[in-house]
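Worksheet for the structure shown next.
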Amino acid sequence: MDKISSLIAIILLASGINAMGTEYSVGPGNDDWWTAYPDQSSGAGGDVNHPSWILDALKSKPVLIYVHKSCDYCVPQTEAVQNITNEFNGKITFFEISAEGSDSRSEEAMQIYDPNGGTMYVPLTVIVTLAPNSEGEVVPVWHSTDEVTGDGWIKNYVGDAISQYDEFAADWNM
């Protein structure tokens, strides 16, 4: 029986799912939750200065930021984000921000959360939650993309963000 339990643990670890039900780990890789700028960013390893409006929202639940234009390229991601926000209504804080207006949060979000280090392409989809860093301290972590991903990608990260948040929010020293 111990061999079976060990084998199951190895399979779960190899697949990237830990025993707590979270799918993505914290690290610098393309699919990880990031505490600093990820490997693909020109600022790789640099600290992220989360804006106060995000930290304030993060006090109550994970955050989904969606920055976009009214262009044909953004339409599929806009629809996917809307599907997810309807499904997770009340479980996440959602900021939908136009990149075409005067909302300063759009440029701030794109400068801070662009996964490629400042190219500032839209649509930009960002999920922010809480998880332990490499020292075990619970901190804001994030993941973002400037690509059209569809419902599945967003749903996976938002679901994971909620799991991480539920597990670690009580230990966050804001």
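Laboratory data are not the source of any read-out in this text; all were calculated from the coordinates shown. What you are looking at is a predicted structure, and each value in this text was computed from that prediction instead of being measured. Virtual Cβ from ideal backbone geometry, glycine too; neighbours counted across all protein chains shown.
Springs join every pair of Cα atoms under 10 Å in this Gaussian network model of the chain, and among 135, 100, 108 the largest mean-square fluctuation is at 135. In a reduced charge model with +1 at each Lys and Arg Cβ and -1 at each Asp and Glu Cβ, segment 109-167 shows a dipole moment near 140 debye about its Cα centre. For segment 27-33, the Karplus equation 6.51 cos²θ - 1.76 cosθ + 1.60, evaluated at θ = phi - 60°, returns couplings of x, x, x, 4, 9, 6, 7 Hz by residue, with Gly and Pro reported as x. Computed from Cα atoms, the angle from the helix 104-113 axis to the main principal axis of the chain rounds to 40 degrees. Here the 3J(HN,Hα) profile of segment 151-156, calculated from phi with Karplus coefficients 6.51, -1.76 and 1.60 at θ = phi - 60°, is 4, x, 4, 5, 4, 4 Hz, Gly and Pro shown as x.
Only DSSP H runs of four or more residues enter the estimate; each adds -39500 (n - 2.57), and after division by the residues of the chain the mean residue ellipticity at 222 nm equals -11000 deg cm²/dmol. In segment 25-171, the DSSP beta bridges split such that about 65 percent are antiparallel, to the nearest 5. Semi-axis lengths, largest first, of the ellipsoid equivalent to segment 82-143 are 23, 18, 10 Å, with √(5λ) applied to each eigenvalue of the Cα gyration tensor. In summary, the convex hull built on the alpha carbon positions of the chain has an orientation-averaged projected area of 10.8 nm². Simple rule: put +1 on each Lys or Arg Cβ and -1 on each Asp or Glu Cβ in segment 25-171, find the dipole, and look at 134, 93, 67; the Cα lying farthest toward the positive end is 93. When the chain is treated as a Gaussian network with alpha carbon springs shorter than 10 Å, the biggest mean-square fluctuation among 75, 67, 122 belongs to 75.
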